[in-house]
Amino acid sequence: MGVDTLRNMEKPPDPTSAAVAADRVNFFPGFRAGLSGAAPRQIPYVIGGSGPPLLLLHGHPQSLIIWRKVAPVLSQHFTVVASDLCGYGDAGKPEGGEAHEAYSKRAMAGDQAALMQALGFEEFSVLAHDRGARVAHRLGLDHEHRVRRMVLLDICPTLAMYEQTSMSFARAYWHWFFLIQPAPFPETLINAQPDFYLEKLMGLRSAGLSPFEPEAWAQYQRHMRDPMAVHTMCEDYRAAAGIDLEHDRADRDAGRKLAMPLAVFWGLQGVIEKCFDPLKEWARVARQVEGRSLACGHYIPEEAPQALLDHALPFLKD
């Protein structure tokens, strides 16, 4: 099943339509929706609030609406921009390329840098979760003079996680090793029962499905039911297991580290806490890092929004 076949399957709603934009804004009262960039790499976003700019990046298999519980408070202190990552949500879904380079974190970070430039923000801070935090890590390396402060949620550096893979980690993060299989193997299986895949991927975590209210869950289902989105999500993981590791090793060999102040938070009931030493691993790739575990699992912005605000806001406002 090639990319053209995937594109010709049942069409998802047009991300440029007023109805889809209204769906996004409904989760963010007082915000407005926009679309940046050109097809096939257009990036949907919502923006609201006032003050210094703050970019919010989501994880897999979600979209910008993961920030719905914290954005109203953040917007009292910042001009908040929450965007979809390329290949996710209602963002553009370009072909990955032979080395999956369209979904390298370098390319995905470039999308977000261009978005903030288009909005007139030369410098900004970043709050990012899961895959978005991996994009943010690369954003901070490739565009270090533009990122003022950075908060990353529930990850360790990609290179460290692959190089330290254990049986415990592989069992818990089975999707890392499933999604990187050559197309169309994982795509075919997921597309057979996308709702089942989504329920198991997210519901088998420590909090189950309780953090996701029906309206948000319906949005996650909508995206997972798009065969092209399934393919591009897989391309993101394929890039992470290939070209991204090349970029990360080049940085390690050159001694390049994140230069901006970095805070990392992770779930006490999550896999990062169980399998890694987050502060130790981030200290290897950042010049200054602080952080701690929070009393929750993986989906911090949805499971523990107040705890996240309590710890991230003082750091971001400093």
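Values as computed for the structure displayed
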{"item": "Candidates Gly51, Gly110, Gly132 - the one that is under 22 Å from Leu262 (Cβ atoms) and surrounded by 24 or more Cβ atoms within 10 Å (Cβ to Cβ)", "result": "Gly132"}
{"item": "The stretch 139-153: number of residues that are surrounded by fewer than 24 Cβ atoms within 10 Å (Cβ to Cβ) and either of a type in the set (D, E, K, R) or assigned to a strand (DSSP E or B) (or both)", "result": "5"}
{"item": "Pair list, Cβ < 8 Å and 6+ apart or interchain, from the stretch 96-115 residues that are over 13 Å from Gln42 (Cα atoms) and part of a loop (DSSP other than H, G, I, E, B) to residues that are aliphatic (A, V, I, L, M) and modelled with pLDDT of 95 or more", "result": "Gly96/Ala102; Gly96/Ala239; Ala99/Ala239; Ala99/Ile243; His100/Ala239; His100/Ile243; Ser104/Ala239; Ser104/Ile243"}
{"item": "Those residues of the stretch 177-193 which are surrounded by fewer than 19 Cβ atoms within 10 Å (Cβ to Cβ) and without any contact (Cβ under 8 Å) to a residue 60 or more places away in the chain, in sequence order", "result": "Phe177, Phe178, Gln181, Pro182, Phe185, Leu189, Ala192, Gln193"}
{"item": "Residue tally, condition part of a strand (DSSP E or B), more than 17 Å from Val126 (Cα to Cα) and either in contact with a His (Cβ under 8 Å, 6 or more places away or on another chain) or of a type in the set (A, V, I, L, M, F, W, C) (or both), over the stretch 275-318", "result": "2"}
{"item": "Within the stretch 282-310, tally of residues that are touching a strand residue (DSSP E or B) at 6+ places or on another chain (Cβ under 9 Å), more than 22 Å from Val70 (Cα to Cα) and touching a residue at least 40 places away in the same chain (Cβ under 8 Å)", "result": "2"}
{"item": "Filter pass, Gln269 being in a loop (DSSP other than H, G, I, E, B), at pLDDT 95 or above, open to solvent by 60 Å² or more (accessible area, probe 1.4 Å) and farther than 24 Å from Arg146 by Cα", "result": "yes"}
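The values are calculated or read from the model by the stated rules, or taken from the named source; none is laboratory data. No experiment lies behind these values; they were computed from the predicted model shown. Using ideal geometry, Cβ is built from the backbone for each residue, glycine included, and neighbour counts are taken over all protein chains shown. Ligands, DNA and RNA are stripped out before the accessible areas are found, and what is left, the full protein with its side chains, is counted by its heavy atoms. Shrake-Rupley method; radii C 1.70, N 1.55, O 1.52, S 1.80 Å.
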